[in-house]
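Heads up, the thing below is written out as structure tokens.
Where a number appears in this text, it was derived from the coordinates with a stated rule and is not lab data. All of these numbers come straight from a predicted model, not from anything done at the bench. Positions of Cβ are generated from backbone atoms using ideal geometry, with glycine treated the same way; all protein chains shown enter the neighbour counts.
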Amino acid sequence: MSVISASMTFEEALRLNQTPGDECRVLREMLQAKDEALHLMEEQIKLLTNQVAWLKRQMFGSKSERIDPNQTYLDGLMIQAIEQNPPAAPEPAGPESVVEAHTRRASPCGRGELPQTLPREVIVVDIPEGEKVLADGTPRPCIGHEDSERLAYTPGRFFVKVVRRPKYGSPAGAEENGVVIAPAPERLVPRCLADETLLAHVVVSKYADHLPAYRLENMFKRSGIEISRQTICRWAKECGLALGLLAGEIKNRLFETGMVHFDDTPVDLLESNPSKPNGRRIRESRFWVARATPRDGPWTVFDFTVSRAADGPLAFFKGYSGKITCDAYAVHDKLVLSADGVTDESRLYGCWAHTRRYFFDAHKSDAPREGAEFLAIIKELFLIERDIADADDDIRLATRRERSLPVLAVIRAKLDALLPGTPPKSGLGKALAYANTYWNRLIRFVEDPQAAIDNNPAENAIRPIALGRKNWLFIGDRDAGRAAANLLTIITTCKNAKEDPYAYLLDVMQRLPLMTTGQISSLIPERWVRQTADLAAG
């Protein structure tokens, strides 16, 4: 007997099943096959509809994952109305209580006090000379003045710094003593036309303010200076490569903390390719960021690789035996291999922000009610973390055990209840599977006061790159990628330490050429800040 498929007509199915009197059985089997095909098509349509909705949100919608609690309440009402399930009766109002009035402090705005450290340029607006004397010729005495201050600005000013080295010869008759001249000062970038003041400005403009080279070129042109964007890029590249040892010292301080937040982001790389019409091609490369927990210090390190393969992160973490907070990328498992080649799960920590993102997508697609419930429960975990953000380790540990563990138990119970009956390819199914698969990593923070609840420190460090690559578009070559990683390491760490990147880089560029390798550690932002404060106090 042949198998009946949903694509067959009744006559075709009947010819394949020649047994007399089987018309009813054939019709039942055809109906069952078509029902199964229809159910499969409905699931595929739902899946594709959710994918299109997600793509539309990514392209045209808000990137924020913030949920308005009032909107969540309205979603619940809509779901209940659709299911013809009337909402529960509101709770009876309690006795009224009188709330004392209070005075709201206005936010600062408008004119404020200008810093006394700024230089003052005084412009005197005086009365005519004839009004300075009375009718009888007696001069009016000056009894004071009124000052009104306005903040002024002069665009960047170029000047030429001339390093003059006097030459001393020998007197007549003693020419054998030759000519004496002071050695040329050591420079971070030898034989470079730009002074360290201009190099620091270029680097900060490109990697802290995200200005592309062509925009800097136009800004310089307005001041009458012709500097091509190729020259500007070369200066930034040479500075980044020369500062590699300092970036290495910051990496050492990061690894000493014992906890690293790790993430990556794509960036375009321009490479030579003779098969292309212009001899070049664009390929996707990677910036990796490793960030210390903010409680442990400002240390942030960037690394550049030409692909997302495991070789780059393995080389970066060589010799590191601490903990890593990361997402679910499979390469991360290889970063914590033990001596026998087995993944040491105890060193990997999960990210509740990633988990929440899955439930947010489910809330926006095929499971608005279940997604909203999970978002509300996960929010409780983040509120607890907000309360203990500045607490010491003992308080963090006790609070998490007392308040976070019950919330996690509720999430675990909902996962166990929903997992068996949820389609795995649905938005909710993916969210449940992610949370279930990495559950041990997600709850590990409870017993570790050093750990954070999410990987947001790394994601926040990566965010400026997304803004920068929209401006400078691509990395020119592999050396430029490594130079950019070094500069991003130094500038981001300096910004996290609440210091001015320009002042720091300028001082480092001037002092680094005069130091030995063993002295470079004194220039990391933490020690540089302390030395600067000591000099100011002295």
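Here are some notes:
- When the alpha carbon gyration tensor of the stretch 184-264 is reduced to an equivalent ellipsoid, its three semi-axes come out at 30, 17, 9 angstrom, largest first.
- Shown is the FRET efficiency for Val163 and Leu118, computed with R0 = 25 Å from the Cβ-Cβ distance and rounded to the nearest 0.05: 0.25.
- Binned Cα-Cα distances of the stretch 416-495, short to long, each 10 Å bin given as a whole percent: 14, 27, 22, 26, 11, 1
- Normalised convex hull volume, the stretch 434-538, alpha-carbon set, Å³ per residue: 197
- Basic side chains Lys and Arg get +1 at the Cβ, acidic Asp and Glu get -1 at the Cβ, and with that the dipole of the stretch 234-338 about its Cα centre reaches some 260 debye.
- Multiplying the residue separation of Ala409 and Ile395 by 0.36 nm and subtracting their alpha-carbon distance yields 3.0 nm.
- Taking only the Cα atoms of the stretch 351-454, the ratio Rg/Rh comes out at 0.99, with Rh defined as the Kirkwood radius.
- Inter-label distance for Arg369 and Lys132, nm, one decimal - labels placed 7 Å from Cα along Cα-to-Cβ: 8.7
- For the stretch 126-239, the convex hull spanned by the alpha carbon atoms encloses 295 Å³ per residue.
- Distance from the C-alpha centroid of the stretch 423-499 to that of the stretch 309-339: 14 Å, rounded to the whole angstrom.
- Size descriptors for the stretch 239-293 (Cα atoms only): Rg and Dmax, in that order, 16.4, 49 Å.
- FRET efficiency for Glu447 and Tyr329, using Cβ-Cβ distance with R0 set to 35 Å, rounded to 0.05: 0.90
- Extreme residue, positive dipole direction of the stretch 360-414, given options Ala389, Thr399, Ala372 (C-beta unit charges): Ala372
- Members of Lys334/Lys470; Lys161/Lys237; Lys334/Lys430 lying beyond 27 Å, as alpha-carbon distances in this model show: Lys334/Lys470
- Net charge over other residues, Cβ less than 13 angstrom from the Cβ of Asp303 (K, R count +1; D, E count -1): +4
- Once the C-beta distance of Met41 and Arg463 is scaled by a Förster radius of 51 Å, the resulting FRET efficiency is 0.80 to the nearest 0.05.
- Charge tally in the Cβ shell below 12 Å around Leu47, where Lys, Arg are +1 and Asp, Glu are -1, Leu47 excluded: 0
- Charge tally in the Cβ shell below 9 Å around Ile181, where Lys, Arg are +1 and Asp, Glu are -1, Ile181 excluded: +2
- Residues of type lysines that Lys34 reaches as a straight line, Cα spacing below 20 Å, ignoring anything fewer than 8 places off in the same chain: Lys46
- For the stretch 282-381, the spherically averaged projection of the C-alpha convex hull amounts to 9.3 nm².
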